[in-house]
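Have a look at the structure below before the remarks.
The values are calculated or read from the model by the stated rules, or taken from the named source; none is laboratory data. Being a predicted model, the structure only gives us computed values, none of them experimental. All Cβ positions, even for glycine, are placed from backbone atoms using ideal geometry, and neighbour counts span all protein chains on display. We work out accessible area using only protein heavy atoms, side chains counted, and drop any ligands, DNA or RNA first. Shrake-Rupley method; radii C 1.70, N 1.55, O 1.52, S 1.80 Å.
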Amino acid sequence: MDDDFIDDTITFLVNRVITPPGQWVLEQFSERRPNEIASLFTGIAFWAFVVFLVFALVLGW
């Protein structure tokens, strides 16, 4: 595989899928302009929570 393809895919996922929910969550907690690192980690935590909720629904907890 081409390394540029992998880099572009990861960059796309981080910029379009992970970071925006993290920014949204931080804005809900009155953070006016969250930085990228905080948005990234908050976005990862957000998606981990979503996956956990879906997993719990599937198992019927």
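Structure notes:
- Packing, as the average of other Cβ atoms within 10 Å across residues, places the peptides 45-54, 31-40, 13-22 in the order 13-22, 31-40, 45-54, highest first.
- Ratio Rg/Rh, restricted to the chain and using Cα atoms, in which Rh is the Kirkwood radius: 1.12
- Carbon/sulfur fraction of accessible area - the chain, other protein chains in place, 1.4 Å, %: 66
- Helices in the chain that qualify as membrane-span-like (whole DSSP H runs, Cα extent of at least 20 Å along the helix axis, mean Kyte-Doolittle hydropathy of 1.6 or higher) are 36-59.
- 1.4 Å probe accessible area per residue over the chain, in Å²: 86
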